[in-house]
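Only one structure is covered here, and it is reproduced in the block below.
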Amino acid sequence: MSADPTQVLAFETDCHIFDGCGFPAPGLHSFLFEPLWGDADSNLYFNKPMLLALLGSIIIVGFFWMAFGKPKVVPGKLQMVAEAGYDFIRRGVVYETIGKREGEKYVPLVVSLFFFIWMMNLWSIIPVAQFPVTSIIAYPAVLAVIVYILWVSLTFKRHGFVGFFKNVTGYDKSLGAVLPLAMVIEFFSNLLVRPFTHAVRLFANMFAGHTLLLLFTIASWYLLNGIGIAYAGVSFIMTIVMTAFELFIQALQAYVFVLLTCTYIQGALAEHH
């Protein structure tokens with residue numbers, strides 16, 4: 001039976017060192033949320049991560065709508081920031097990986113993925129929210145499945161069935177006797193391992209980052225008693241340091257996700273030799 005997050009939170013708030021209670025370490029209960037609407041037992045409910053995902057989507061759409069709804073030749077500050085972000089992904093990721101001619105049609109998808117993932121990650125350090133939506137595996141998994149379906153469909157469309165088979169198995173006659181083994185490894189790597197690692201890479205980094213932030217935040221409060229105050233100060237400094245580091249990781253993981261997406265698309269479009 002899972003722990004009630006509200007009870008855990010109350011325990012963490014009341015607990016200090018030398019009070020006779022143990023350190024309330026963060027765990028899986030830190031990623032469980034009571035439904036804001038509906039019943040968890042019926043699997044039909046709406047909780048905090050869902051709310052953050054919805055709000056994040058509205059924020060991203062609203063931001064670009066305001067920036068490009070009425071574009072100007074001489075851009076204002078908002079349009080300039082939006083153009084810089086859009087152009088960074090278009091030129092620095094899509095064009096560099098897929099190429100300008102082939103990649104232009106995929107720019108909207110990749111830009112949308114990047115800013116959506118980045119926003120879902122940023123919730124981790126935003127007051128009140130303080131939770132990265134992508135630390136719940138379902139969200140990265142759905143995004144990875146979208147990319148996976150796109151990759152498979154593009155490979156079939158570009159190369160046909162035989163070409164698809166050669167593409168996903170890395171067929172190369174020059175490998176000689178090891179060709180069958182290499183083909184089996186490539187087949188499982190591309191069709192099974194690839195979508196799994198694509199999703200888990202994002203999920204695991206956000207899960208670990210949120211756990212570390214919780215660890216130092218709770219430790220700062222737990223040690224805030226008696227001689228533990230000095231240690232609480234150190235823990236609080238580490239919270240600030242980890243928050244700054246998490247800012248970097250949040251943007252990096254969004255970048256890595258879309259970079260891999262473009263790599264997969266490029267592999268689907270490339271001619272097999």
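The values are calculated or read from the model by the stated rules, or taken from the named source; none is laboratory data. Just so it is clear, the model here is predicted, and its values are computed rather than measured. Neighbour counts are summed over all protein chains in view; Cβ atoms, including those assigned to glycine, are modelled from backbone coordinates with ideal geometry. Ligands, DNA and RNA are stripped out before the accessible areas are found, and what is left, the full protein with its side chains, is counted by its heavy atoms. Shrake-Rupley method; radii C 1.70, N 1.55, O 1.52, S 1.80 Å.
Note that the range 251-259 has calculated 3J(HN,Hα) couplings of 5, 4, 5, 5, 5, 4, 4, 6, 5 Hz, one per residue in order, obtained from phi through the Karplus relation 6.51 cos²θ - 1.76 cosθ + 1.60 (θ = phi - 60°); glycine and proline are x. For the chain, the Cys residues with no second cysteine's beta carbon closer than 4.7 Å are 262. Dipole magnitude for the range 8-153: about 1000 debye, using +1 per Lys or Arg Cβ and -1 per Asp or Glu Cβ, origin at the Cα centre. When the charge dipole of the chain is built from unit charges on Cβ atoms (+1 for Lys and Arg, -1 for Asp and Glu) and taken about the Cα centre, the candidate among 31, 75, 62 whose Cα reaches farthest toward its positive end is 75.
So with the 1.4 Å probe, I'd like the accessible area per residue for the range 143-273, rounded to whole Å². Spell out each step's value before the answer.
On the way: 6990 Å² over 131 residues.
On a per-residue basis, the range 143-273 sits at 53 Å².
Of the residues 99, 85, 226, the one that moves most in a GNM of the chain with alpha-carbon contacts below 10 Å is 226. Could you work out how far the C-alpha centroid of the range 218-246 sits from that of the range 140-165, in angstrom? For the range 218-246 versus the range 140-165, the Cα centre distance is 47 Å.
Once you charge only the Cβ atoms, +1 for Lys and Arg and -1 for Asp and Glu, what is the size of the charge dipole of the chain about its Cα centre, to the nearest 20 debye?
Working: 15 positive and 16 negative charges, 272 e Å.
The calculated dipole for the chain is roughly 1300 debye.
Per-residue ellipticity at 222 nm from helix content only, as computed over the chain with -39500 (n - 2.57) for each DSSP H run of at least four residues, stands at -22000 deg cm²/dmol. Between 224, 182, 42, the Cα set farthest toward the positive side of the dipole of the chain (charges on each charged residue's Cβ, about the Cα centre) is that of 182. Each residue of the range 53-59 was assigned a 3J(HN,Hα) from its phi angle through the Karplus curve 6.51 cos²θ - 1.76 cosθ + 1.60 (θ = phi - 60°); the sequence is 5, 5, 5, x, 5, 5, 5 Hz, with glycine and proline shown as x.
The alpha carbon gyration tensor of the range 115-167 gives principal lengths a ≥ b ≥ c with a/c of 1.5 or higher and a/b greater than b/c, which makes the shape prolate.
Would you work out if the range 78-219 is rounded, prolate or oblate? Take a ≥ b ≥ c from the square roots of the eigenvalues of the alpha-carbon gyration tensor; rounded if a/c is under 1.5, else prolate when a/b is larger than b/c, oblate otherwise.
oblate
Computed from Cα positions, the angle between helix 77-89 and the longest principal axis of the chain comes to roughly 60 degrees. Given axes a ≥ b ≥ c from the Cα gyration tensor, I'd like to know whether the range 6-92 is rounded (a/c under 1.5), prolate (a/b larger than b/c) or oblate. Because a/c hits 1.5 or more and a/b exceeds b/c, the range 6-92 counts as prolate. Whenever you get a sec, compute what percent of the accessible area on the range 1-159 sits on carbon and sulfur atoms (1.4 Å probe). Answer for the range 1-159 is 67 percent, counting heavy atoms of protein chains only. If the segment from residue 208 to residue 240 were pulled out straight at 0.36 nm per residue, it would be longer than the present Cα-Cα gap by 9.9 nm.
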